[in-house]
Amino acid sequence: PIVLCISGHNFCGNCRKQMSDCPICKKHFFTRNIALEEVASKIYVLTSNMLNNESQQSVFDTLDLFRLRVSIFSEIVHIILNELKCETCGNYSVPPIYFCINGHSTCQTCQKCTKCDLVKTQGRNYALEKIAKVMECPCTYNKQGCSLILTLNQLKHIKICEYRQLTCPLSDV
């Protein structure tokens with residue numbers, strides 16, 4: 001388990017057993033960081049299946065290993081973006097990211113946890129915030145031709161993307 005103190009500092013379950021209070025802020029431990037646990041466990045499963053044999057016999061083996069790593073990286077990005085997407089409003093959570101008393105992450109604008117319907121705390125999930133700051137994803141309109149890769153803080157680009165679908169101003173519909 002990954003444990004959160006009430007201020008949002010994270011520690012592994014083994015280290016937590018050796019501490020009575022958070023060594024950073026001296027506050028008590030509060031709950032598990034469910035979002036970070038989900039991401040970590042899914043990444044562990046994906047990467048434990050990756051080939052570790054670096055001495056390849058042919059160019060095709062090297063290419064297969066490269067393809068495997070690209071697909072695993074792509075899946076990790078998908079897992080993280082899934083965890084950062086708010087189930088209530090549909091937006092990606094960008095800092096500040098809060099958590100409920102059960103350890104589920106909630107976005108800044110929603111007042112209740114989407115998983116257990118409890119009110120969010122004032123505690124922040126700093127580890128998830130650090131991930132969200134560097135997380136990148138393609139523009140929503142990449143299938144229409146937009147080639148931009150955006151951080152989650154840059155997603156306001158979607159509102160002005162030249163590839164977004166527009167309604168004709170002359171249409172009477």
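The values are calculated or read from the model by the stated rules, or taken from the named source; none is laboratory data. Owing to the predicted nature of the structure, the values given are computational and were not obtained by experimental measurement. In case anyone asks, the SASA skips ligands and DNA or RNA and just uses the protein heavy atoms, side chains included. Shrake-Rupley method; radii C 1.70, N 1.55, O 1.52, S 1.80 Å.
Let me have the relative contact order for the chain, percent, based on Cα pairs under 8 Å that are six or more residues apart. Relative contact order here is 17 percent.
Of the whole protein surface, Tyr126 contributes about 90 Å² of accessible area at a 1.4 Å probe radius. Counting Cα-Cα pairs of the range 1-151 in 5 Å increments starting at 0 gives whole-percent bin shares of 2, 9, 15, 17, 16, 14, 11, 8, 5, 3, 1, 0.
Ligands, DNA and RNA left out, the accessible area of the chain computed with a 1.4 Å probe is 55% carbon and sulfur. Legend: residues Glu38, Glu162, Glu87, sorted from most to least accessible area (1.4 Å probe; ligands, DNA and RNA excluded), read Glu162, Glu87, Glu38.
Counted residue by residue at 0.36 nm each, then reduced by the alpha carbon distance between them, the extension gain from Asn142 to Asn82 reaches 19.8 nm.
Accessible area per residue for the chain is 66 Å², calculated with a 1.4 Å probe on protein heavy atoms, without ligands, DNA or RNA.
Regarding the range 121-165, what whole-number volume in Å³ per residue does the convex hull of its Cα atoms give?
85
In the elastic network of the chain, a GNM with C-alpha springs shorter than 10 Å, the most mobile of Cys137, Cys86, Cys146 is Cys146.
Considering helices alone, the calculated mean residue ellipticity of the chain at 222 nm is -10000 deg cm²/dmol, with DSSP H runs of length four and up weighted by -39500 (n - 2.57) and normalised per residue.
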